[in-house]
Structures are given as C-alpha cells and as structure tokens.
Amino acid sequence: QAAAALALVHELEAQMTVYRDDSELSGVNRRAADEPVEVESALFALLLQARQLAVETDEAFDPTSGPLIDLWRSCRQAVRLPTDEEIVARRELTGIEQVDFDERQRTVSFRKQGVELNLGGIGKGYALDRIGQLLFDDGLDHWLFHGGNSSLLARGDHNALGGWPVGLRNPLFPKQRLATVLLRDCALSTSGTGVQHFRLEGKRYGHILDPRTGRPADGMLSVTVLAPTAAEADALSTAFFVMGVESSRQYCDNREGVGAILIPPPRQGRTLEPIVCGISAEVLFFTETP
C-alpha cells in the first residue's frame, strides 16, 4: 500500500506541477487566456477549493501569485530587489478574480495574457489527502505521511499514545524542539522563512510573499496549522503567515477543526511568545526552556 501511495504522488506531480511543460496545469496556463480549457474533475475540484480559500483569506493565499514568485526568484538570482514598477506590473496579473470557472462545463479561463495558476501552496497537502484516501480505502487505520516534513497527515494511533507525536522546531534555534503536537485524524502544516530567505544590503528577505503587496511578508517567524485536511492546512499556514495574528485568530474562531500556533518575532531578546488558537492543551505540549 505504501508503494501504491508513493506512485500516486508521482502521478499527481505530473498533473499539477508548473515546472514541466507536459503537465495538465501547464497546459491550462498556456491556453486559458485564449479559450476555456476543460480540466480533469479532481483537479478542477482542487482549483475550486483554492479559489474558496483565496476568498476566505482575503487573498493572503493566492493560487495566481506565480508571476510575483518568478519575479522575486529572478531578482534573487541577480542579487537585487524588484523595482516598484516591476511589482506593480506583476500584480496586475495576479488575483483570483483574473480566473473564471465554469462549474457546469468544468472549464477554466483567464481574463488576460500572463495570468497563471500555481498550486505550490496547496498541492503538497492535496497529494497527502489523496494518499490518505487511498490508504483508508485499503483498510489501513493507523499511519502518518509527510511531504517534505512541513506538511503531515495522520490517522489513528501510534504506540497507544492517542495519536502521532510530531515535534515542532524552534524557529530561532532549529535544532531545538519548541513543542510536540499529538496528531490524530487530522493534518498539520508549518510555514516559516528560517530556511528559505536571502540577504541584501544587510536586510533579510523571506520567500513567503504577501500577494496583496507583492513583497515578502515579515510579521511572523513561524505558523503551524492543524486542519481536517492537508490541503487546508497547507494553504492556511501560508495565509496565516501573511495575515498576522489577529486575522488568523479570527479565522480559527470561525472555522471548526482549524487551529494554529502563531509565533511572531520576539518583542525583546530571543524569548518566543507562541499564540495558540483553537488547539487543545491535551494535544499540545511545549518544551520547557532549558
């Protein structure tokens, strides 16, 4: 069953990636500005879910932010910052309102050339959900899958602990454990800029962009989200990183099953003050500071 699950990952990657010209999503991006493009049913459902999450988060999660991501990637390679004019030009190509969905015909179309869909912020979680369904259909009740350590989906129990214990790193000291979360029948995703960032003229720029400004989000150190599905957790961890504490807290208060551990930069020194929203103390255990 594990081999079958991993084989499914390769199939989904071949469908959703924007880094292969022969993927279905790349084909959509090439043609959708010229004509409506029919999309495979499961992928279309994922695109609708991405649209809904974009709306719910005021586009802090934006599956059309590819042009901005490409701009910052190229500028990083050129060791410079994008100009204001470059950011404005790319932002004109982003926003979920640039994409039209025909749910009866199951088609997608773009309102202008240069718009594209990029599922990098939700695709990994979606793949875990599909794997989980495959294992569940095969009658497996106790398992944990992770995608690159930052996204996990767990079902059932491990060693009679009541779930699967997962360690969370301290964002300031990655070799230290900040907390342990006990996962059971839910997903977890963490977003942060501790690994992916670059420095220019003494300033640090993270890789998580705020699609609404076109610039790196800098109000958080780390965000961990628990949600019923891995796709939700994946998208919301990025969105909450962009949204900040108060908007993320409000979202959790209004969504059953969604919780978060929000870690803003320390106000002084290196003492972290995690903010927990919607996660029971019965499943979250912070490591004492030595």
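The values are calculated or read from the model by the stated rules, or taken from the named source; none is laboratory data. Every value quoted in this text rests on a predicted model; they were computed, and no experiment measured them. Please note: Cβ atoms are built from the backbone with ideal geometry, for glycine as well, and neighbour counts cover all protein chains shown. Remember, those area values only see protein heavy atoms, side chains included, never the ligands or the DNA or RNA. Shrake-Rupley method; radii C 1.70, N 1.55, O 1.52, S 1.80 Å.
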Rounded to a whole number of µm²/s, how large is the Stokes-Einstein D of segment 20-174 at 25 °C and 0.890 mPa s, given Rh as the Kirkwood radius over C-alpha pairs?
135 µm²/s
Given 23-34, 52-63, the highest-first ranking by average Cβ count within 10 Å works out to 52-63, 23-34
Given charges at beta-carbon only (K, R positive; D, E negative), |dipole| of the chain in Debye
1240 debye
Taking H placed 1.01 Å from N in the peptide plane, check which residues at least 5 places from R106 or on another chain put their amide H under 5 Å from its amide H.
none
Charge tally for neighbours of Y251 with beta carbon under 12 Å away, counting Lys, Arg as +1 and Asp, Glu as -1, is -4
Let me spell out the model: positive unit charges on the Cβ of Lys and Arg, negative unit charges on the Cβ of Asp and Glu, origin at the Cα centre of segment 1-118. What dipole size does that give, in debye rounded to 20?
280 debye
Given the rule -39500 (n - 2.57) for each run of at least 4 DSSP H residues, summed and divided by the residues of the chain, what is its mean residue ellipticity at 222 nm, to the nearest 500 deg cm²/dmol?
-10500 deg cm²/dmol
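Among all helices in the chain defined by DSSP H, which have a length of 18 Å or more along the axis from Cα atoms plus a Kyte-Doolittle mean of at least 1.0? Please list the in-between numbers first.
Working: long enough: 2-16 (21 Å, 0.97); 41-56 (23 Å, 1.09); 123-137 (21 Å, -0.06); 230-243 (19 Å, 1.14).
Taking the DSSP H segments of the chain (at least 18 Å long, mean hydropathy at least 1.0), we get 41-56, 230-243.
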Given (i) 1.02; (ii) 0.97; (iii) 1.28, which label gives Cα Rg over 2.2 N^0.38 Å as computed from the coordinates?
(i)
With the dipole of the chain worked out from charges on the C-beta (+1 for Lys and Arg, -1 for Asp and Glu) around the Cα centre, which of L153, S74, T271 lies farthest toward the positive end?
T271
For a protection proxy built on the mean count of beta-carbon atoms within 10 angstrom, sort 5-11, 65-71 highest first, please.
65-71, 5-11
The chain: relative contact order as a whole-number percent, Cα under 8 Å and 6+ apart:
16 percent
How large a share of the accessible area of the chain, in percent, is made up of carbon and sulfur atoms when the probe is 1.4 Å and the other protein chains stay in place?
48 percent
With a 10 Å radius around each residue's Cβ, average the other Cβ atoms per peptide and rank 74-84, 124-134, 35-45, highest first.
124-134, 35-45, 74-84
